[in-house]
Every structure is written in structure tokens, then in C-alpha cells.
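S.K.: Just passing along the structure, written as C-alpha cells.
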Amino acid sequence: MKARELLEILSVAERLKDATRHCYTKNGRHESVAEHSWMMTLMVFLIKDEFPDADMNKVIKMCIIHDLGEAFTGDIPTFDKTKENEITEKTMLTQWLNSLPDTQRNEMTSLFEEMEKRETTEAKIFKAIDSLEALIQHNISDLSTWIPKEYELNKTYADDKVAFSEYLTLLREEIRKDTMKKIGHQVDD
């Protein structure tokens, strides 16, 4: 890749450092999209041995690139995102991907297609981690930053996304226990 091409790509990706998410950090500031992607990537690195038959390097790549469309649209929380929002983000991302050098365009396009279909183990792991990271971050943040619908969402969100994996199902249950403790319900260990 030519040096100028790299710098142009990074100037777009850098927008994710300032694109804030609905989630807050422990110290009370909005989390950035880049921080969310980083935490997901770290999670995958840490649990890679739980999935010996999966290409966890591919999952890491998915985590790194999955929210690049938000460099153009900003983050819209899952519970507020409309079909129109999704189409706009995908269109802008596709236009940008088409401007990349062939090697990077082809790899990223292939990864985005795989993530969207969610048929492979790697895509399923990625999607589960994407959802679980948001739940973990909510549990880390101060309860005063939660909106009313999040009390129920944090109890049930991602159950469907982890069902394919015993490990991720157990992780989801531990996250749910943290949620219940946070909102003041007693949880038996």
C-alpha cells in the first residue's frame, strides 16, 4: 500500500475516536466507537483458546473493522437504529470501501459480507462479542447513565446471539448476574 493511501484510510478511521456511543465509561464520559472496537478485539484475544476450531484472527479483523461505517454516520444505538439508518451506513461504507486499494477492499468487503450473513462460526462469535461488550460496558458504567429501557435490555439482550456457544452462553449469564447486582436484585451464585 502506498504511504498516501494508508494516511487517507487512517484519516477516515480516526473519526471513530471522536464518534461517541450511547455507553459511558466507568468515569462518566461517553465511550467512543474506537474504544468499543478495541475492547471487543481484546475480548476475542483473551478467549481465543475457547474456540480452537475457529479462525480467531479473522474474528479479530471483524472486530477491528465492524463499525467503520459509523465514521460516516456516527453511532446510532441498536434500539434506535432504523432500516433507513442501516441502508445509509451500508451505502456510505460501500462507497468508501470501493475507493480502497484492491487487496484491502476485497478483504474488507468479504469480511463485511460474512458478518452480515452470520452463517460462519467466526461471524457468530463476532456478533456475540459485539453485543456482549456493550452489556459489559453498561455494567461498568454508573447506573445513573442508564436510560429506562436498558434495565430490561441488559437482562435479555444478546441471549439469541450467544445460544450457539456454551462458553458464550455462560459468559452471558455472568454478565446478567452483574446486571442484576447492579440494579439491586439478589443473585444466587
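S.K.: Compute, for the range 74-146, the length of the dipole vector about the Cα centre, with Cβ point charges of +1 (Lys, Arg) and -1 (Asp, Glu) only. Units Debye, rounded to 20.
M.R.: Its charge dipole is roughly 120 debye.
S.K.: Residue farthest toward the positive end of the dipole of the range 1-77, with Cβ of Lys/Arg at +1 and Asp/Glu at -1: which of 19, 54, 65?
M.R.: Positive-end residue among those listed: 19.
S.K.: In the structure displayed, which of 127/155; 58/83; 61/161 lie more than 21 Å apart, Cα to Cα?
M.R.: Pairs exceeding the cut-off: 58/83.
S.K.: I would also like to ask the following. Quick one: dipole size for the chain, taken about the Cα centre, charges +1 on Lys/Arg Cβ and -1 on Asp/Glu Cβ, in debye to the nearest 20.
M.R.: Details: 26 positive and 37 negative charges, 74 e Å.
It comes to approximately 360 debye.
S.K.: Kindly put 12, 33 in sequence by how many other C-beta atoms sit within 10 Å of each C-beta, fewest to most.
M.R.: 12, 33
S.K.: What's the extension gain from residue 113 to residue 80 if we count 0.36 nm per residue and subtract their Cα-Cα distance?
M.R.: Length gained, residue 113 through residue 80: 9.6 nm.
S.K.: Divide by every residue of the chain the summed helix terms, -39500 (n - 2.57) for each DSSP H run of at least 4, and state the resulting mean residue ellipticity at 222 nm, rounded to the nearest 500 deg cm²/dmol.
M.R.: -20000 deg cm²/dmol
S.K.: Using DSSP loop states and a limit of at most 12 other Cβ atoms within 10 Å to flag trypsin sites (Lys or Arg not before Pro), what is the longest stretch of the chain containing no flagged site?
M.R.: Formally, the longest exposed-site-free interval is 30-189.
S.K.: If I take R0 = 22 Å and measure r between the Cβ atoms of residue 55 and residue 166 in this structure, what FRET efficiency does the formula 1/(1 + (r/R0)^6) give, to the nearest 0.05?
M.R.: The value I calculate is 0.70.
S.K.: Another question, then. Could you run the Karplus curve 6.51 cos²θ - 1.76 cosθ + 1.60 with θ = phi - 60° over the range 146-155 and give me ³J(HN,Hα) per residue in whole Hz, x for Gly and Pro?
M.R.: 6, 9, x, 5, 6, 4, 7, 4, 5, 7
S.K.: Say the cut-off is 29 Å between C-alpha atoms; which of 81/182; 17/48; 117/181; 90/181; 2/26 go over it?
M.R.: Going by Cα-Cα distance, 117/181; 90/181; 2/26 fall outside the 29 Å limit.
S.K.: Further question on the same structure: Looking at the range 115-169, which GluC sites (Glu not before Pro) are DSSP coil and have at most 11 other C-beta atoms within 10 Å of their C-beta?
M.R.: 119
Values in this text are rule-based calculations from the coordinates and carry no lab data. This one's a predicted model, so the numbers in the text were calculated from it and none came from an experiment. All Cβ positions, even for glycine, are placed from backbone atoms using ideal geometry, and neighbour counts span all protein chains on display.
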